[in-house]
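Novice: Below: one structure in structure tokens.
Read-outs throughout are calculated quantities, based only on the coordinates presented, and are distinct from any laboratory measurement. Computed from a predicted structure; not experimentally measured. Positions of Cβ are generated from backbone atoms using ideal geometry, with glycine treated the same way; all protein chains shown enter the neighbour counts.
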Amino acid sequence: MDKLLFGTAGIPSSAKGSGTEGGIKEVKNLGLDAMELEFVRSINITKQKAPDVKEAAEKNNVVLTCHAPYFINLNSLEKAKLKASIGRILNSAKIANLCGAWSVCFHPGFYQKSTKEETYERIKNAIKEISETLKKENNGIWLRPETTGKETQFGNVDELLEISEELDNVMPCVDFAHFHARTNGKYNSYKEFSEILEKIEKKLGKRGLENMHIHITGIAYGEKGEKHHLNLDDSDLKYKELIKALKDFKVKGIVISESPNIEEDALLMKKEYSK
Ligand SMILES: [Zn+2]
């Protein structure tokens, strides 16, 4: 990526009913640059349909990312569940790649009764297996374990940066709202946002800042972390300070708005960034 692009988590509300290609066209009409394919409940694009999506994205100059299903736990001790989780990420990556997508993110899993170390090893090995399979299939999509919104979920920034450093084709998906929710309200100032970006640069170098898949949304939270998403203006997230930090660190890649109003907050952030 040679700049920072802004887009929607899924089909914009203003294009509802017109399918993925209609959504891509609407993203372009709205003046946005990217769209995330939401496979969170199911992988809802077929192998046969994917080339049409790719064509629409290319024609409209819209970059696609993908969010794999929520039902994933790479730390599951049950073999069948682990296998199904790996399969869901692989299938998402396969279809997303056929759609011409740049990046696929997923929530890696839960600590459950495991220690942090055991969880790290198990999840890293599973992601390694996925990464190696994609390499064999000549699938160059970026694999993005996401920073998660609850303390019970694996995926703080240190864990994800460690995995990204160890494995090829793996970079974190950085969800700033999740940081904020996971810590019950911290990570909400220019200084704290900058600390995250500094950490990324320290571990992965400039390429870490120039290859970012970012999620931003307003968020409701409590002691247990994330509750639900909110529009930015209805939330306490200091998104203007966040956008300023992204600008000052010359971050490149894609910012996806996951707010309930989808495109409105994507446009709000893009406008703030362009000021
Ligand atoms: Zn997510």
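Novice: Using modelled backbone amide H atoms (1.01 Å from N, in-plane), which distant-in-sequence or interchain residues come within less than 5 Å of Asp175's amide H?
Specialist: Thr147, His215
Novice: If the rule is a partner Cβ under 4.7 Å, which cysteines in the chain fail it?
Specialist: Unpaired cysteines in the chain: Cys66, Cys99.
Novice: While we're on this one: By average Cβ neighbour count within 10 Å, what is the ranking of 161-170, 64-73, 205-214 from highest down?
Specialist: 64-73, 205-214, 161-170
Novice: If the cut-off is 13 Å between C-alpha atoms, which aspartates and glutamates fall inside it for Lys191, apart from same-chain ones fewer than 8 positions away?
Specialist: Glu241, Asp248
Novice: Could you give each residue of the stretch 57-64 its phi-based ³J(HN,Hα) in whole Hz, using Karplus coefficients 6.51, -1.76, 1.60 with θ = phi - 60°, and x for Gly or Pro?
Specialist: Couplings: 5, 5, 4, 9, 6, 10, 8, 9 Hz.
Novice: Mind listing the long-range amide H neighbours of Phe6? Cut-off is under 5 Å, sequence gap 5 or more, other chains count too, H placed in the peptide plane at 1.01 Å from N.
Specialist: Asp33, Ala34, Val255
Novice: Of all alpha-carbon pairs in the stretch 1-90, indicate the percentage at a distance above 20 angstrom.
Specialist: 41
Novice: Rounded to the nearest 500, what is the chain's calculated 222 nm mean residue ellipticity when only DSSP H runs of at least 4 contribute -39500 (n - 2.57) each, over all residues?
Specialist: About -14000 deg cm²/dmol.
Novice: Can you list the HN-Hα couplings for the stretch 102-117, worked out from phi with the Karplus curve (6.51, -1.76, 1.60; θ = phi - 60°), rounded to whole Hz and with x for Gly and Pro?
Specialist: 8, 7, 10, 10, 7, 8, x, x, 10, 5, 6, 9, 7, 6, 4, 5
Novice: Then there's this: If you bin the C-alpha pair distances of the stretch 97-146 every 5 Å from 0, what whole percents do you get?
Specialist: With a bin width of 5 Å, the distribution comes to 5, 19, 24, 23, 14, 8, 6, 2.
Novice: Place the peptides 28-35, 117-124, 80-87, 50-57 in order of packing, highest mean first, counting for every residue the other Cβ atoms within 10 Å and averaging per peptide.
Specialist: For the peptides 28-35, 117-124, 80-87, 50-57, the packing ranking is 28-35, 50-57, 117-124, 80-87.
Novice: Once you've got the Cα coordinates, tell me which of Lys28/Lys203; Lys128/Lys247; Lys25/Lys94; Lys128/Lys150; Lys59/Lys83 are over 28 Å apart.
Specialist: Too far apart for the 28 Å limit: Lys28/Lys203; Lys128/Lys247; Lys59/Lys83.
Novice: Using a Debye calculation, one point per C-alpha and no hydration shell, please list log10 I(q)/I(0) for the stretch 126-242 at q = 0.14, 0.17 Å⁻¹ in order.
Specialist: So the normalised log intensities are -0.60, -0.84.
Novice: Quick one: what are the phi-derived ³J(HN,Hα) couplings along the stretch 35-46, Karplus 6.51/-1.76/1.60 with θ = phi - 60°, whole Hz, x for glycine and proline?
Specialist: 8, 9, 6, 8, 9, 4, 9, 6, 7, 9, 10, 8
Novice: Place a point 7 Å from the Cα of Ser18 along the Cα-to-Cβ direction; which residues of the stretch 42-63 have their backbone N under 19 Å from it?
Specialist: Inside the label zone: 52-63.
Novice: Give the peptides 233-240, 261-268 in descending order of average Cβ contacts within 10 Å, highest first.
Specialist: 261-268, 233-240
Novice: To the nearest Å, what is the center-to-center distance of the stretch 238-275 and the stretch 46-74, using C-alpha atoms only?
Specialist: Between the Cα centres of the stretch 238-275 and the stretch 46-74 lies a distance of 22 Å.
Novice: Compute the FRET efficiency between Lys191 and Gln48 as 1/(1 + (r/R0)^6), taking r as their Cβ-Cβ distance and R0 = 35 Å, and round to the nearest 0.05.
Specialist: 0.10
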